[in-house]
Amino acid sequence: MCGLGKSLFACSRSIGTFCACIPSKDPFHFVIPPPQATLFLKKNAFTLVEMVVVMVILVILMTAGVSLLNGTGSQSRRAGTDLLSGLIEQARTMAVTSRSTVVLAIAEPGDPPSTDERCRIGLFKIAKDWPSPATPPLSLDGVLATRWQTLNTGIVLIGGNVDGVANPLDQAQIEISYTAGGKTVKGQFHVLAFNSRGGLIYPAGSTPVGIRVAEGGYRGTPPVATANLRAGQKSPTENQLKIGRVIARSYRIDP
């Protein structure tokens, strides 16, 4: 409470309340205004609704991210399968039109011209007649007929039977000598060989062969193609190609 005194104004304070004495026309009569509302310091914090909204947004973003990653891997795997299938058809057609033996060579890391951790595929025309019988170790002279084609990073060709037929990645490599940049280069490759009638003559046999295209990388020393396994998977997600023997066209038999 404000009291009378020599001063015209007097103040009293309480916690959170401010009181002021306002003089009236009568110098000995003071009007005391009602106390102002107590002020409290407001603390910043998330409400329950805001927290729920944030959690929902995070779940949506995580789901979208996983779907995007899976979609990217699937697209790269499909692109690698299409590239390999197209090169097989190109090699078969080239063998028929040039009336020569054409080899599709698979260069893995450590084989020329690989300088990174990606798989490359090239086509060679073989200078001489195909050896008979074609029993490893084989050493051939060839002419690089096309530029090397590279599979996307994270895509590998892996060994293992395909629908019960042999896989050329499980066969012994063949040495091919060829000229590149004015120099003679020798490389060890897994190969498919096509004769002038468009048939598959290597790997030797009478049944089709198969190739597996999977997401993965080259691990270890020397680097070995290893497929990725997601949580809970017993076998990798892959695309599979089977190549016929008499007419060496490829067709997909994905599991």
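Any read-out appearing in this document is the output of simple, stated calculations on the displayed coordinates, not a laboratory observation. All figures in this text were calculated on a predicted structure; none of them were measured in a lab. Note that we place each Cβ from the backbone using ideal geometry, even for glycine, and neighbour counts take in every protein chain shown.
Quick one: net charge around Y218, please, counting Lys, Arg +1 and Asp, Glu -1 for every other residue with C-beta under 14 Å from its C-beta. After counting each charged neighbour, the total is -2. Counting beta carbons within 10 Å around each of D111, D163 and listing the fewest first gives the order D163, D111. Most simply put, the stretch 52-252 has about 90% antiparallel DSSP beta bridges, counting only bridges with both residues inside it. Remark: C-alpha extents of the stretch 52-252 on the principal axes read 73, 37, 30 Å, sorted largest to smallest.
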